[in-house]
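The values are calculated or read from the model by the stated rules, or taken from the named source; none is laboratory data. Keep in mind it's a predicted model, so treat the numbers as computed, not measured. All Cβ positions, even for glycine, are placed from backbone atoms using ideal geometry, and neighbour counts span all protein chains on display. To get the accessible areas, we keep the full protein, side chains included, count just its heavy atoms, and leave off ligands, DNA and RNA. Shrake-Rupley method; radii C 1.70, N 1.55, O 1.52, S 1.80 Å.
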Amino acid sequence: MENFLTQIQGVPLNHYIIFCSIIFAIGVTGVLIRRNVIIIMMSIELMLNSVNLLLAAFSAYRGDASGQVFVFFIMALAAAEVAVGLAIIVMVYRHTKSVDIESLSKLRW
Amino acid sequence: MDNLFILLLIPVVAACLLCVVKEPTRARWIALLTSLLTLAFSIPFLIGFVPDASMQFEQSWMWIETLRLQFHIGLDGISLPLVLLTNGLIPLIVLSSFGKRYSGVFYALVSFMQAGLLLVFLARDAFSFYVGWELALIPIYFICALWGEGDRIRVNLKFFVYTFLGSIFMLVALIYLYHQGVVKSLEWESLVSLNLSEDAQRWVFWAFFLAFAIKIPIFPFHTWQPDTYTQAPAGGTMLLAGIMLKMGVYGLLRWLLPIAPFAVLSYSHIILILCVIGIVYASIIAFKQQDAKRLVAYSSIAHVGLIAAGVFSWQVEGIQGAVLQMVNHGLSVVGIFFIIDLLQERTATRSLSAWGGFAKPMPRLATVFLIILMGAIGLPLTNGFIGEFLLLKGLFDYGVWYATFGGLTLILGAVYMLRFYQKTMLGHLQPDAKPMIDIKGHELLVLSIITFFTIFLGVWPKAILGLSEAAVVNLLNQIKF
Amino acid sequence: MSALIWLIPLIPLLGFIINGLTRNSVPKIVSGIVGSLAVLASFVLSTLAYLEVSAARDAGSVASFTVHVFDWFSVGSLRIALSFLLDPLSAIMLLIITGVGFLIHLYSCAYMAHDEGFGKFFAYLNLFIFFMTILVLGSNYLVMFIGWEGVGLCSYLLIGFWFKNSSYASAAKKAFIMNRIGDLGFLLALFFILEAFGSLEYAEVFAAASGMSVGAPVIVIITLLLFVAATGKSAQIPLFTWLPDAMAGPTPVSALIHAATMVTAGVYLVVRSNVLFLLAPLSMEIMAVVGVVTAFVAAFIALTQNDIKKVLAYSTVSQLGYMFLGLGVGAFTGAFFHVLTHAFFKALLFLGAGSVIHAVQDEQDMRKMGGLRKALPITFTTMLIGTIAISGIPPFAGFFSKDEILAHTFQHQPVFWVIGLITALFTAFYMFRLLFLTFFGKFRGTAEQQSHVHESPWLMTVPLIILAILSVVGGFINVPEALGGHHALQAFLAPVLEMGEVNHTVLELSHMAEYVLMGVSVLGALMMAVFAYTKYAKNVDVADDKKQESLLYRLSYSKLYVDELYATVIVRPLGKLSVFFFKYVDKMGIDGFVNGVGDFFIGSGKGIRQLQSGHVGFYIMMMVISVVAILLYGIFHS
């Protein structure tokens, strides 16, 4: 365990932050520019996991386990969200025969 | 028997009952009986009322404990005439609809509105007052929107939103006032004894004034009124013109004057100028109207302008005149709108150019119409005269020119009302006119009652003035500095 | 008796109620009897009241009895009682109203016999008597105002009695509205009186006023406003145009309301308020000017009218002008005396005209009459008496009253006297013109009319005869000292007229001067009669009147274009203003603004909802941009 922590701390914290920010930005960009709902879902997962990674890193640096507890929460939540989200996508697909996000603009006004 | 709450209870119970009655004949008889019952139950208050300035028959329950908001009702000399007016006019309005086939829902709404109106006139807690104020608005909206004619949805939306806008300002002012007291409360007594600063009074004044001015309506907040009166069914117009606009004047007397006396005093000249402009302006517009209802609607603006002016004249005569004239105006507009309605039923039009010469086939109508009309233009020995005399006297004491221009109503009123009478009753029948049947049955009954009171109150105005004298004097003493 | 004077108005009111309720269900004769009896009862009571006042006057008291009926209303310090005052002035007015009123009721029984609205007519007449007696009996200004407005209503109802004719209905409306203009003046005067004296009771007002200085502004305002009221009711310039139009009513109405009683209410008001008027020389002067100008203008118009009732109507306006001239120069007794004599001879002339109109089947154009002397002997004789009386030829009634006014006028301002004299000459001319056109020469109507010409029934001729007798002897109640009399009327009215501190104008002319003035006016009147005789009595062809297209003739014939002037300056602009207010100010202006507020919110809602495009990508984009913006703000702000 000690070994594991030192390994994590072997990488400077800044690198974690920069790395996670990049992944998060990729996720955001994916959500913004892609129109396929499934890819958008994957991009959201990417964002969630970048945050998870950062939480884990901070947790290790501070020696506080509660950060990792959050990670577990988020993973559980992400799983649930994907389940619901995919179900919605399946329903949408049945209705519109497409997984294009633009086809879902019925709820305006 | 002197349980005020029962006056509110009967209409509400009646409304619930009437909701489920589908058959028109049964519905109107039930409505008539329940409204007469309410009237009968208000008689003990008239008899038991001691004509002094005190608040009588008070009842109160805690309504919302945590906020110290009460359900508090009571009766004094200013509210009693209006309670009697409401309970007296509602049976007449119900009776006047006997020629139509309205379902129970219509009468349910009327009864429900009666409860709202009575709550407004009886409330001793601003919260109860506000509840009644809004409660009265909802039924009349549905009456006008469901049974109206023409462009009724749009017109009613405007009416509703316009008056509601005013109420919101009042609500804001009430919330502000609620927080001013040491003990947070909306009781009349505590609001009156707040001792607001001058600036606060000014803001409160405008917030209240807007609500009341729209309801009354005072020029230039009147534009919802002619359209609404014209499109509403006859019963709705009578409710609006006969009783509902008195809520505004009553609000001025009960809440605005005592709560913001300084602001009233400093703004009264502006308001009076608005009122006087309204009198002359609306009268002149009434000259050339072709639609009978619109004509009376504009004349009504002129009349209530004078009433409001009397309130702001800050004189015993002016306020007493306002109380009396509220009753008179209620009687006369209900009568005139009913006459218009029954002529409309017979001729299927309301255009003055299609009317004329009805005095010959309808001599009874010609007689009662003339008397009611004379009441409306203030001929001595009819009720309107005493009211106008006192109002103008109040205005005169405030300023000679206000009375002079306000007094133009004497001339202008004669111009448009006599034109109305001439175009309706005199001259020749239209060549293609249908045979006209004179008034009889319920029509004769309603108009006879109104005619009787038109003359009775002209000869014996003390019947009303005596009730309110002490309360009005007390009101003025309370707020004079 | 004086305790029962409330019965004098009450009985006609009962008559009105009975006749009004039973007008369609009882035979005409019953309506007629009920109506006439009600007024007769009032007349008897009035006579008793007069006798009591007279006895009190003889005993040297002021003869003023106040009867409190009930408290009408009280507000604050304002207390108004419905109470009556019987004094010499109201006693005489009561006699005129109920006496002449009764004769006219009798006359109407025959005149209106064929009218389907018979019962209604008597109901209205009784109502009129009710309001008129209230007017003169009131012990305060507000009770007088009840009667004042009430007679206006009756006048409206009776002018528009044949309401199917829409021009008649319009004439009725015009009368009511013009009266109402005066009434506003009355009402404002009441407020000023209340403010200045704190009461409306005559006794209190006059007592308080006698302590005020001459020419006090408030008194001037009060009296001017009261005079405005009087111009409306008594048809003076500028509110006189309703009276000629009022001839649309049945002739008995013209005789009762528009000649003998209602129109003299203005004079009564001024006489009653003489204490106030004497304190306001300015108002008196204005009144004199308005009076003399009205008298002259109306007489000028009457010269060329061809409608027999129009001539009499303008004559009434002119005579009322005389009365106001008299009031203006301080001859209160003279003016009131003229009210009295005028009531006799003008009622007589109107009823006579009614008899003529009746005989020629509702023809009113004098050009289509003529030569009726033989067929209508009683009517002719009585109308001749009336004509002589109004022309001011002694010893008939009009001479004495007119002479008294003219004598006072001469003393006050000779210019007014000259105008008054010319008016008197005009009066003699148009009245004899009327007489000669109607009764002399040959009949110019249709043969069918001629075959029907007949003397009226006794119910119509008896009132004519009684009024003719009164027109002959009526003048003797106030014979001036110059002619060996002793001003009996003046002495009788003294308590009413001498309440003020200020002395009334006393006639200071020598008897010689008076003789000269009388001689000039009598001679002039006689010459005018002769002139009219040569011009109209023989001349069968009256159509040549039309050929005289001189400017003066046209001005007179077209009534000085006053009606047209009012229509252009007041009526039509008001109508246009009404449409302008409705269409542009109300609909477009104020309502446009209100609707504009609504439209603004609807419009801005429409604009803003474009943001809710429904595209998830757009929402997220907005979210990200907002988050970044907040972050940047956080960074740079701190």
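What to note about this one:
- Criterion: open to solvent by 20 Å² or more (accessible area, probe 1.4 Å) and farther than 28 Å from B:Leu395 by Cβ - qualifying residue of C:Ser167, C:Ser155: C:Ser167
- Selection status of C:Leu348, crowded, with 24+ Cβ neighbours inside 10 Å, under 21 Å from C:Gly232 (Cα atoms) and of a type outside the set (Phe, Trp, Tyr): no
- Among residues of the range B:146-157 being closer than 21 Å to B:Val110 by Cα and within 12 Å of chain C (Cβ to nearest Cβ), the one that is most open to solvent (accessible area, probe 1.4 Å) is B:Leu157.
- Meets criteria (surrounded by fewer than 24 Cβ atoms within 10 Å (Cβ to Cβ) and touching a residue at least 12 places away in the same chain (Cβ under 8 Å)) for C:Leu224: yes
- Qualifying residue in the range C:203-213 (condition: open to solvent by less than 40 Å² (accessible area, probe 1.4 Å) and either aromatic (Phe, Trp, Tyr) or touching a strand residue (DSSP E or B) at 6+ places or on another chain (Cβ under 6 Å) (or both)): yes
- Single match in B:Thr454, B:Thr409 (criterion: touching a His at 6+ places or on another chain (Cβ under 8 Å), in a helix (DSSP H, G or I) and crowded, with 24+ Cβ neighbours inside 10 Å): B:Thr409
- The range C:594-630, residues that are open to solvent by 60 Å² or more (accessible area, probe 1.4 Å), over 22 Å from A:Ile33 (Cβ atoms) and within 14 Å of chain A (Cβ to nearest Cβ): C:Ile602, C:Lys606, C:Ile608, C:Arg609, C:Gln610
- In the set (1) at the interface with chain B (Cβ under 10 Å from one of its Cβ atoms); (2) part of a helix (DSSP H, G or I), C:Cys109 fails one condition alone, (1).
- Test: residue in the range B:362-382 that is open to solvent by 20 Å² or more (accessible area, probe 1.4 Å) and among the polar types (S, T, N, Q): yes
- Residue count for the range C:240-266, restricted to those that are aliphatic (A, V, I, L, M) and more than 16 Å from C:Ala169 (Cα to Cα): 8.
- Scan of the range C:153-169 for residues that are small (Gly, Ala, Ser) and more than 7 Å from every other protein chain (Cβ to nearest Cβ), ordered by number: C:Ser155, C:Ser167
- Every listed requirement among (1) within 11 Å of another protein chain (Cβ to nearest Cβ); (2) assigned to a helix (DSSP H, G or I) is met by C:Tyr633 save one, (1).
- Residue count for the range C:24-43, restricted to those that are open to solvent by less than 60 Å² (accessible area, probe 1.4 Å), part of a loop (DSSP other than H, G, I, E, B) and of a type outside the set (A, V, I, L, M, F, W, C): 0
- For the residues B:Gly330, B:Gly406, B:Gly335, the requirement of being touching a Leu at 6+ places or on another chain (Cβ under 7 Å) and within 13 Å of chain C (Cβ to nearest Cβ) singles out B:Gly406.
- Every condition in (1) at pLDDT 90 or above; (2) under 27 Å from C:Val616 (Cβ atoms) is met by A:Asn36 except one, and the failing one is (1).
- The range B:54-81, subset assigned to a helix (DSSP H, G or I) and among the polar types (S, T, N, Q), residue modelled with the highest pLDDT: B:Ser79
- Taking residues in the range C:512-528 that are in a helix (DSSP H, G or I), and partners anywhere that are acidic (Asp, Glu), the pairs with Cβ atoms closer than 9 Å and at least 6 places apart or on different chains are C:Glu514/C:Asp403; C:Glu514/C:Glu481; C:Leu517/C:Asp403; C:Met518/C:Asp403; C:Ser521/C:Asp403; C:Val522/C:Asp403.
- Hits in the range B:161-191 - residues which are aromatic (Phe, Trp, Tyr) and open to solvent by 70 Å² or more (accessible area, probe 1.4 Å): B:Phe164, B:Phe169, B:Tyr176
- Within the range C:442-458, the set of residues being crowded, with 17+ Cβ neighbours inside 10 Å and among the aliphatic types (A, V, I, L, M) comprises just one member, C:Val453.
- Residue match in the range B:211-218 (condition: among the basic types (Lys, Arg) and under 30 Å from B:Ala292 (Cα atoms)): yes
- Consider the range C:1-11 and keep the residues that are assigned to a helix (DSSP H, G or I) and away from chain B (no Cβ under 14 Å). The one that is modelled with the highest pLDDT is C:Ile11.
- Among the residues making up the range B:4-53, those that are outside any helix (DSSP H, G or I) and either among the small types (Gly, Ala, Ser) or open to solvent by 70 Å² or more (accessible area, probe 1.4 Å) (or both) are B:Val20, B:Lys22, B:Glu23, B:Val50, B:Pro51, B:Ala53.
- Scanning the range C:72-92 for residues that are more than 19 Å from B:Gly318 (Cβ to Cβ), more than 9 Å from every other protein chain (Cβ to nearest Cβ) and either in a strand (DSSP E or B) or more than 26 Å from the chain's Cα centre (by Cα) (or both) gives C:Ala81, C:Ser83, C:Phe84, C:Leu85, C:Leu86.
- Out of B:Phe121, B:Phe164, B:Phe49, B:Phe129, sole residue that is under 29 Å from B:Pro258 (Cβ atoms), at pLDDT 90 or above and touching a strand residue (DSSP E or B) at 6+ places or on another chain (Cβ under 8 Å): B:Phe129
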